[in-house]
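The values are calculated or read from the model by the stated rules, or taken from the named source; none is laboratory data. Model, not experiment: these values are computed from the prediction. Cβ placement follows ideal geometry from the backbone for every residue including glycine, while neighbour counts extend to all protein chains displayed.
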């Protein structure tokens with residue numbers, strides 16, 4: 001699917017919360033049905049997902065950490081899929097640099113970093129090392145609430 005300027009503008013309008021198709025159409029000076037069909041196509045193609053996000057700093061007992069993972073295998077995509085299924089994992093990226101994967105993990109009371117490593121990560125093979133980056137303060141850090 002080719003993404004054009006109108007698709008980008010529609011996505012921008014949806015970024016900060018769900019707006020009505022009528023309001024988006026009015027601001028972009030296009031038909032409401034055009035907005036509706038384009039959003040539908042973007043969602044069908046897996047390019048756009050409309051989801052509720054939370055600011056972890058706004059929920060008591062919640063915090064975000066990033067985890068760099070060095071693997072003992074080059075099967076990075078498959079390992080990334082395995083990590084994405086672990087409890088608390090919000091996202092996984094295959095990256096360059098000293099790590100193979102970078103995870104964003106949402107922790108909460110009763111499921112902290114120790115539990116993440118001892119109950120989740122330990123089950124996976126080919127993990128050479130990990131390094132944790134604790135987020136003290138996030139800006140525009142909103143995540144799907146998954147726990």
### Query
Before we move on, is residue 48 part of a loop (DSSP other than H, G, I, E, B) and free of Cβ contacts under 8 Å to residues at least 40 places away in the same chain?
yes
### Query
Pick from 137, 70, 81: which is in contact (Cβ under 8 Å) with a residue 60 or more places away in the chain and in contact with a strand residue (DSSP E or B) (Cβ under 9 Å, 6 or more places away or on another chain)?
70
## Note on the structure
All-but-one check, residue 13 against (1) in contact with a helix residue (DSSP H, G or I) (Cβ under 8 Å, 6 or more places away or on another chain); (2) in a loop (DSSP other than H, G, I, E, B), failing number (2)
### Message
So, residue 100, is that one under 16 Å from residue 135 (Cβ atoms), under 21 Å from the mean Cα position of the chain (by Cα) and assigned by TED's automatic domain parsing to the domain that holds residue 129 or not?
### Response
no
